[in-house]
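Structure first, commentary second.
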Amino acid sequence: MPPRVGVVGAGISGLTLVRALATRDADVVAFDAASEPGGVMRSRRVDGRLLELGPQRLRLSPTIESLVDDLGLREQLRAGEDDQPLYVYHDGSLSVVPLSLREAVTTDLLSLRGKLRILKEPLADPPRAGESVEAYLTRSFGRQAARRFGGPLYSGLYGTDPSDMLVEYSLGRALENAGIDGSVLWWALRKRLGGRETPPICTFEDGLGQLAEALYDAHADAISLETAVESVHERDEQFELVTESGTERVDEVVVTTPAPTAADLLEPVDEGLSATLERFSYNPIGMVYLESDFDGEGIGALVPSGSDVRISGSTWNASFLDRDRLFTCYVDPGSDPNMLERSDESLGELAATEFERLTGARATPIHVHRWEPGMPAYDRSFTAMDDLEPPAGIHLCANYVGRPGIPGRIRNATQLAATLAEK
Ligand SMILES: Cc1cc2nc3c(=O)[nH]c(=O)nc-3n(C[C@H](O)[C@H](O)[C@H](O)COP(=O)(O)OP(=O)(O)OC[C@H]3O[C@@H](n4cnc5c(N)ncnc54)[C@H](O)[C@@H]3O)c2cc1C
């Protein structure tokens, strides 16, 4: 008989697990503390304007495309303008990040010497044990490319300085997941010559939350919202998930929450595991939504850590997603050390001021949302990965242990569901 699986959390990981297990006729039950599904993948309408509280857009991989069709969401799908440039703040203004050959030749971000230095990357040794992301990128691509766009491009979303990230616990894993085991330049060239395209950017008419809602609606009978799991206990070779409304007995438990919550929930099962989970650091994120007449074309702008600008970046939803005059700015304690003490009003003003400094255009804050614990920091605390040994029957399926992007979360959760269904 297939095991009864209990899933903690109905973000994209939990929702995918439920769907993949239900499709295999496995017995699954899931709980989420929040009143709506999707976790950080959530959308809101504020004064008629659509805001993404977490991820701003998605890559339409073949798996996601077939999910979209299965859920009947094809009509709601909206394509983003993929060919717009990404900018980075350098030396008082915005420069184009060289992500294509044409941009590499034309960008004013690098000197000619800096551009030529990148070509030596195929000769660089692979990442070394204990090496920081900054040191690895500098050794591989040269100081200019590493400092001015390589580091910010990778670490920007996580809010961690690249010198505090160890390659083997961060960028190295990302490269491995992308199937890159040698030169990044060769890989990019082979991909281009082979005609392999990066899946296009997309979202939905009502934002990415629509995908979460559709997944939930399809499996609502197995998912209890507004039902926080308070603890997990081992009992007679099974596990008990304790919630406010009762106790659920299951054979296998999958915890998809951020590490600090997983640490609390799993303490009764395994104190050592709980202590290891507590070691993972996160960076809180403040999302500030601005309305502006800025008419620049682009995906957004990165701000390197250590810069004097007090936002870590911005997404130009108005430009590449055609969302009316909307721009999203990110603030974290690395970009603004006072972020946690600021009121929403003060955070909004700060982002509007810094946005104007970057673009020259005035902006008005329309909403602020905060995520805590926020993003996994992938900093030196992630050496905790080496000590992570969940006991039989307990599974961690979350971004800090697996892939952080939505397509990656769907892949991880689908793989785990297949393993569990075969038990
Ligand atoms: C600001 C931001 C921007 C991002 N941008 C992108 C992007 O552009 N593209 C991309 O691909 N990825 C992006 N990501 C990453 C991606 O969105 C996340 O990694 C992914 O959505 C995480 O999904 P998850 O289900 O693993 O976790 P979560 O979404 O964190 O879900 C965990 C769930 O557990 C629930 N929970 C917590 N405690 C309990 C409890 N005690 N009992 C029951 N339930 C509980 C929560 O309510 C939540 O629903 C972004 C993330 C953030 C935060």
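Report, ordered by the first and then the second residue, all pairs with beta carbons closer than 6 Å, sequence separation of six or more or different chains, a first member in segment 97-108 that is of a type in the set (A, V, I, L, M, F, W, C), and a second member that is open to solvent by less than 100 Å² (accessible area, probe 1.4 Å).
The qualifying pairs are Val97/Leu86; Val97/Val88; Val97/Phe149; Ala104/Pro98.
Can you find, within segment 369-392, the residue that is farthest from Leu273 (Cα to Cα) among those that are assigned to a loop (DSSP other than H, G, I, E, B) and of a type in the set (D, E, K, R)?
Going through segment 369-392, the residues assigned to a loop (DSSP other than H, G, I, E, B) turn out to be 377-379, 388-392.
Still in the list and also of a type in the set (D, E, K, R): 379, 389.
Working: Asp379: 19, Glu389: 7 Å.
Across segment 369-392, the extreme among qualifying residues is Asp379.
Which of the residues belonging to segment 215-246 are open to solvent by 30 Å² or more (accessible area, probe 1.4 Å), within 21 Å of Leu21 (Cβ to Cβ) and among the hydroxyl-bearing types (Ser, Thr, Tyr)?
Tyr216, Ser224, listed by residue number.
Can you find a residue that is open to solvent by less than 40 Å² (accessible area, probe 1.4 Å), over 30 Å from Glu345 (Cβ atoms) and within 9 Å of the ligand (Cβ to nearest atom) anywhere in segment 376-397?
yes
Look at Ser93 and say whether it is more than 16 Å from the ligand (Cβ to nearest atom), more than 22 Å from the chain's Cα centre (by Cα) and modelled with pLDDT of 95 or more.
yes
So, in segment 12-58, how many residues would count as being open to solvent by 40 Å² or more (accessible area, probe 1.4 Å), more than 8 Å from the ligand (Cβ to nearest atom) and either touching a Pro at 6+ places or on another chain (Cβ under 6 Å) or not charged (D, E, K, R) (or both)?
Selection size over segment 12-58: 3.
Quick check: anything in segment 160-179 more than 26 Å from Val303 (Cα to Cα), touching a residue at least 12 places away in the same chain (Cβ under 8 Å) and open to solvent by less than 40 Å² (accessible area, probe 1.4 Å)?
No, segment 160-179 contains no residue that is more than 26 Å from Val303 (Cα to Cα), touching a residue at least 12 places away in the same chain (Cβ under 8 Å) and open to solvent by less than 40 Å² (accessible area, probe 1.4 Å).
Specify which of the listed residues (Glu52, Glu75) is under 19 Å from the mean Cα position of the chain (by Cα) and either under 22 Å from Pro199 (Cα atoms) or modelled with pLDDT of 95 or more (or both).
After applying the criteria, what remains is Glu52.
Quick grid of which residues meet (1) within 16 Å of the ligand (Cβ to nearest atom); (2) assigned to a loop (DSSP other than H, G, I, E, B); (3) of a type in the set (Phe, Trp, Tyr):
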site: Leu347; (1), (2), (3): yes, no, no
site: Leu350; (1), (2), (3): no, no, no
site: Thr364; (1), (2), (3): no, no, no
site: His367; (1), (2), (3): yes, no, no
site: Arg403; (1), (2), (3): yes, yes, no
site: Arg411; (1), (2), (3): yes, no, no
site: Gln415; (1), (2), (3): yes, no, no
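Just need a number here: residues in segment 180-218 that are within 30 Å of Arg49 (Cβ to Cβ) and either free of Cβ contacts under 8 Å to residues at least 12 places away in the same chain or within 24 Å of the chain's Cα centre (by Cα) (or both). Please lay out each step first, then the result.
Restricting attention to segment 180-218, the residues satisfying the condition of being within 30 Å of Arg49 (Cβ to Cβ) are 198-218.
Filter once more, keeping what is either free of Cβ contacts under 8 Å to residues at least 12 places away in the same chain or within 24 Å of the chain's Cα centre (by Cα) (or both): 198-217.
Here the count works out to 20.
Within segment 246-278, track down each residue that is in a loop (DSSP other than H, G, I, E, B) and either among the β-branched types (Val, Ile, Thr) or within 12 Å of the ligand (Cβ to nearest atom) (or both). Explain how you work it out, then say what you get.
As a first pass, look at segment 246-278 and keep what is in a loop (DSSP other than H, G, I, E, B): 251, 256-258, 267-270.
Hits for segment 246-278 are Thr256, Thr257, Pro258, Val269.
Any chance segment 82-90 includes a residue that's open to solvent by 40 Å² or more (accessible area, probe 1.4 Å), at pLDDT 95 or above and either outside the structural domain of Leu321 (by TED's automatic domain parsing) or farther than 30 Å from Pro37 by Cβ (or both)? Before the answer, list the steps.
Step one: of segment 82-90, the residues open to solvent by 40 Å² or more (accessible area, probe 1.4 Å) are 82-83, 87, 90.
With the extra rule that they be at pLDDT 95 or above, the set shrinks to 87, 90.
Retained after the next criterion (residues that are either outside the structural domain of Leu321 (by TED's automatic domain parsing) or farther than 30 Å from Pro37 by Cβ (or both)): 87, 90.
Yes, segment 82-90 has at least one match.
Quick grid of which residues meet (1) in contact with a helix residue (DSSP H, G or I) (Cβ under 6 Å, 6 or more places away or on another chain); (2) outside any loop (DSSP other than H, G, I, E, B):
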{"residue": "Pro284", "(1), (2)": "no, yes"}
{"residue": "Glu291", "(1), (2)": "no, yes"}
{"residue": "Glu297", "(1), (2)": "yes, no"}
{"residue": "Gly306", "(1), (2)": "no, no"}
{"residue": "Arg310", "(1), (2)": "yes, no"}
{"residue": "Ser319", "(1), (2)": "no, yes"}
{"residue": "Cys329", "(1), (2)": "yes, yes"}
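Within segment 320-355, can you find the residues that are crowded, with 16+ Cβ neighbours inside 10 Å, under 30 Å from Asp83 (Cα atoms) and charged (D, E, K, R)?
Arg323, Arg325, Asp332, Glu354
The values are calculated or read from the model by the stated rules, or taken from the named source; none is laboratory data. Everything numeric in this text was worked out from a predicted model, so none of it was measured. Backbone-built Cβ (ideal geometry, glycine too); neighbour counts: all protein chains shown. Areas reflect the complete protein model, heavy atoms only, side chains present, ligands, DNA and RNA absent. Shrake-Rupley method; radii C 1.70, N 1.55, O 1.52, S 1.80 Å.
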